[in-house]
Amino acid sequence: MTRISAFGDDALGDLDAVGLVEALQAGAVSRAELVDAAIARTEAVNPALNGLAYEAFERARARAAARPYGGYFNGVPSFLKDNVAVATMPTMNGTDAWDPHPERTHGDFARSFLATGLAPLGKTQMSEFGFSASAEHPRLGPVRNPWNPEHTAGASSSGAAAFVAAGVVPMAHANDGGGSIRIPAACNGLVGLKPSRGRLPLDKKLRQMPLRIVANGVVTRSVRDSAAFYREIERVYRNPALPAVGNITGPGAQRLRIAVCTQSIAREASPEVRELTLKNAALLEELGHRVTVIDNPVPSHFMADFLLYWSFLAFALVRGGRSTFGRSFDRERLDNLTLGLDRHASRNLHRMPGALARLSRMRQVTERLTRDHDVVLTPTLADVTPEIGHLDPTLDYQTIIDRLVEWVAFTPLQNATGEPAISLPLAESASGLPVGMMFAAPVGQEGRLLQLAYELEQARPFARIQG
């Protein structure tokens, strides 16, 4: 297995984002040196990983040389995902179905993200509209996993996760409408926290969804980077309806009541993933937490309801393509998954009101569960990371959707409920690929998840691609 790593003896070294901030503050490196190093690393590994959707290298160089970024991160290089609006950059949503044009202004999320001081080098690749858990576009090409390029990097935040894992940048924007932070985090050995609904700003189109299943966030290599990001963006954007995350700097003292479930609605986790999950449950017991194995409490209709809502989003994009993306929009250039979801929705529109109502009530199920448990542990994914081609969007729709539902069986629940969940790289498959463990908590309890993540990172240090 040949790993793809950009780590080297340059200004970035193997530091995480907090380490780079400390180096900047100490005068050991400059913003220009960090940007140059990240650009060089991108150019070195992108031909193999295919994580780059749009490059803004010269703009980043000019900004780094001209003036400080401000904000805590103050010039630490990063990327934004290609489904948020960033001034002067196009937004293509992982497809080539229309002609690109630059955005005139920042969207609400980019404005807050950039106010933390993170320096964008461009945008990262994703699956078409974020519908698939693997980015394998027939013309744009697959995004490959740096741990083993024969395997997918997950999706939809695929380019972001591949670049962070490979060492191109320490942190990158990701967002999650069905697992799209947590899935690529699990595939690439990263920390991926999907926050509570409303924790971070959304661009206008996402705010207009009937059920706001999408949440913005980041993927990182360390828990302290994720904690620092949420601390800093909270200084820019604060939702008063949620408890503050605050400054989480280490493990919590409280011993938690943790439920463990290895059975999703679609299937039991594979024997390998189930065993790895139970090993992590045993670690939690060793650390003094109270662990209980439970059956899956989610009703059987959930997956069909979520799939129908997912399909409705595709229906809206496909049928409204020209008005949304311009006259160059060509639905014939969309992949089989997007078109199949559109057809599924069109045949089942009469079922949408009921599905939406049931999805909106899903938090009642999880609130009953959290009366007796502080955190729920499941595997992030039901099986190990598949090879490129398993979710090829040129396959027939039914094959793709059946494989997706089987693999991505645990993550959609928190998108429906709005609760936070974090994937941590706490396990490794027999083939040497990362395996993520997912921890979910009640709405507003990101701090609890970050404290537990610190504790687990200390007890079982995360594997690194550079060894």
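What number of residues within region 50-73 are at positive phi and either in a helix (DSSP H, G or I) or surrounded by 18 or more Cβ atoms within 10 Å (Cβ to Cβ) (or both)? Matching residues across region 50-73 total 2. Among the helices (runs of 4 or more DSSP H) confined to region 130-241, the ones with at least 1 residues that are closer than 26 Å to residue 33 by Cβ and touching an Asp or Glu at 6+ places or on another chain (Cβ under 9 Å) are located at 158-166, 223-236. Taking the conditions exactly as written (of a type in the set (A, V, I, L, M), within 30 Å of residue 239 (Cα to Cα) and within 21 Å of the chain's Cα centre (by Cα)), does residue 160 satisfy them or not? Spelling it out, residue 160 is indeed of a type in the set (A, V, I, L, M), within 30 Å of residue 239 (Cα to Cα) and within 21 Å of the chain's Cα centre (by Cα).
Looking only at region 10-25, count every residue that is open to solvent by less than 30 Å² (accessible area, probe 1.4 Å), part of a loop (DSSP other than H, G, I, E, B) and touching a residue at least 40 places away in the same chain (Cβ under 8 Å) and tell me the total. Lay out the reasoning, then the answer.
So the first thing to find is which residues in region 10-25 are open to solvent by less than 30 Å² (accessible area, probe 1.4 Å), and the list is 11-13, 16-21, 23.
Those still in the list that are part of a loop (DSSP other than H, G, I, E, B) too: 11-13, 16.
So of that shortlist, the ones also touching a residue at least 40 places away in the same chain (Cβ under 8 Å) come out as 12, 16.
Number satisfying all stated conditions: 2.
Taking residues in region 162-173 that are closer than 20 Å to residue 435 by Cβ, and partners anywhere that are charged (D, E, K, R) and in a strand (DSSP E or B), the pairs with Cβ atoms closer than 8 Å and at least 6 places apart or on different chains are 162/144.
Here is a yes/no grid of residues against (1) out of contact with any Pro (no Cβ under 8 Å at 6 or more places or on another chain); (2) farther than 20 Å from residue 246 by Cα; (3) aromatic (Phe, Trp, Tyr):
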{"residue": "381", "(1), (2), (3)": "yes, yes, no"}
{"residue": "384", "(1), (2), (3)": "yes, yes, no"}
{"residue": "387", "(1), (2), (3)": "yes, yes, no"}
{"residue": "407", "(1), (2), (3)": "no, yes, yes"}
{"residue": "410", "(1), (2), (3)": "no, yes, yes"}
{"residue": "432", "(1), (2), (3)": "yes, yes, no"}
{"residue": "440", "(1), (2), (3)": "no, no, no"}
{"residue": "447", "(1), (2), (3)": "no, no, no"}
{"residue": "455", "(1), (2), (3)": "no, no, no"}
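In region 300-334, the qualifying residues are those that are among the acidic types (Asp, Glu) and out of contact with any Leu (no Cβ under 6 Å at 6 or more places or on another chain), and the one that is surrounded by the most Cβ atoms within 10 Å (Cβ to Cβ) is 330.
Within the group 211, 202, which residue is open to solvent by 10 Å² or more (accessible area, probe 1.4 Å) and farther than 22 Å from residue 447 by Cβ?
211
When residues of region 436-467 are filtered for being under 19 Å from residue 260 (Cβ atoms) and open to solvent by less than 10 Å² (accessible area, probe 1.4 Å), how many remain? The number of residues fulfilling the criteria is 9.
Condition check ((1) charged (D, E, K, R); (2) within 30 Å of residue 101 (Cβ to Cβ)) across all residues:
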{"position": "316", "(1), (2)": "no, yes"}
{"position": "322", "(1), (2)": "yes, yes"}
{"position": "325", "(1), (2)": "no, yes"}
{"position": "329", "(1), (2)": "no, yes"}
{"position": "332", "(1), (2)": "yes, yes"}
{"position": "350", "(1), (2)": "no, no"}
{"position": "356", "(1), (2)": "no, no"}
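Considering every residue within region 71-84, establish whether at least one is farther than 20 Å from residue 225 by Cβ and free of Cβ contacts under 8 Å to residues at least 40 places away in the same chain. Within region 71-84, not a single residue is farther than 20 Å from residue 225 by Cβ and free of Cβ contacts under 8 Å to residues at least 40 places away in the same chain.
Scanning region 74-121 for residues that are touching a strand residue (DSSP E or B) at 6+ places or on another chain (Cβ under 7 Å), surrounded by fewer than 22 Cβ atoms within 10 Å (Cβ to Cβ) and charged (D, E, K, R) yields 103, 104.
With respect to being open to solvent by 40 Å² or more (accessible area, probe 1.4 Å), within 27 Å of residue 149 (Cβ to Cβ) and either at pLDDT below 95 or in a helix (DSSP H, G or I) (or both), residue 44 fits the description.
In region 380-400, the residue that is least open to solvent (accessible area, probe 1.4 Å) out of those that are acidic (Asp, Glu) and within 18 Å of residue 273 (Cα to Cα) is 383. Residues that are touching a Ser or Thr at 6+ places or on another chain (Cβ under 8 Å), in a loop (DSSP other than H, G, I, E, B) and closer than 21 Å to residue 90 by Cα within region 304-357 comprise 334, 335, listed in sequence order. If you go through region 26-41 one residue at a time, do you hit one that is closer than 28 Å to residue 320 by Cα, open to solvent by less than 50 Å² (accessible area, probe 1.4 Å), among the charged types (D, E, K, R) and not in a strand (DSSP E or B)? The answer is no, given that none of the residues of region 26-41 is closer than 28 Å to residue 320 by Cα, open to solvent by less than 50 Å² (accessible area, probe 1.4 Å), among the charged types (D, E, K, R) and not in a strand (DSSP E or B). When residue 7 is tested against (1) touching a helix residue (DSSP H, G or I) at 6+ places or on another chain (Cβ under 7 Å); (2) surrounded by fewer than 22 Cβ atoms within 10 Å (Cβ to Cβ); (3) among the hydrophobic types (A, V, I, L, M, F, W, C), just one condition goes unmet, and that condition is (1). Listed by first and then second residue, the pairs linking a residue in region 174-193 that is over 14 Å from residue 131 (Cα atoms) to a residue that is among the acidic types (Asp, Glu) and outside any strand (DSSP E or B), with Cβ atoms under 8 Å apart and 6 or more places separating them unless they lie on different chains, are 191/225; 193/446.
Taking region 340-367, which residues are under 23 Å from residue 134 (Cβ atoms) and crowded, with 17+ Cβ neighbours inside 10 Å?
Initial filter on region 340-367 (under 23 Å from residue 134 (Cβ atoms)): 340-345.
Result: 340, 341, 342, 344, 345.
When residues in region 208-242 are screened for being under 20 Å from residue 157 (Cα atoms) and either without any contact (Cβ under 8 Å) to a residue 60 or more places away in the chain or in contact with a strand residue (DSSP E or B) (Cβ under 8 Å, 6 or more places away or on another chain) (or both), 14 of them pass. Here residue 405 clears all of (1) among the aliphatic types (A, V, I, L, M); (2) assigned to a helix (DSSP H, G or I); (3) over 19 Å from residue 299 (Cα atoms) except the condition numbered (3).
Being in contact (Cβ under 8 Å) with a residue 40 or more places away in the chain and open to solvent by 20 Å² or more (accessible area, probe 1.4 Å) is the filter here, so list the residues in region 269-285 that pass it. Can you show your working first?
Restricting attention to region 269-285, the residues satisfying the condition of being in contact (Cβ under 8 Å) with a residue 40 or more places away in the chain are 269-270, 272-274, 276-277, 279-281, 283-284.
Residues satisfying the conditions are 272, 274, 276, 279.
The values are calculated or read from the model by the stated rules, or taken from the named source; none is laboratory data. These numbers were taken from a predicted model, which means no experiment stands behind them. All Cβ positions, even for glycine, are placed from backbone atoms using ideal geometry, and neighbour counts span all protein chains on display. For accessibility, only protein heavy atoms count, side chains too; no ligands or nucleic acids. Shrake-Rupley method; radii C 1.70, N 1.55, O 1.52, S 1.80 Å.
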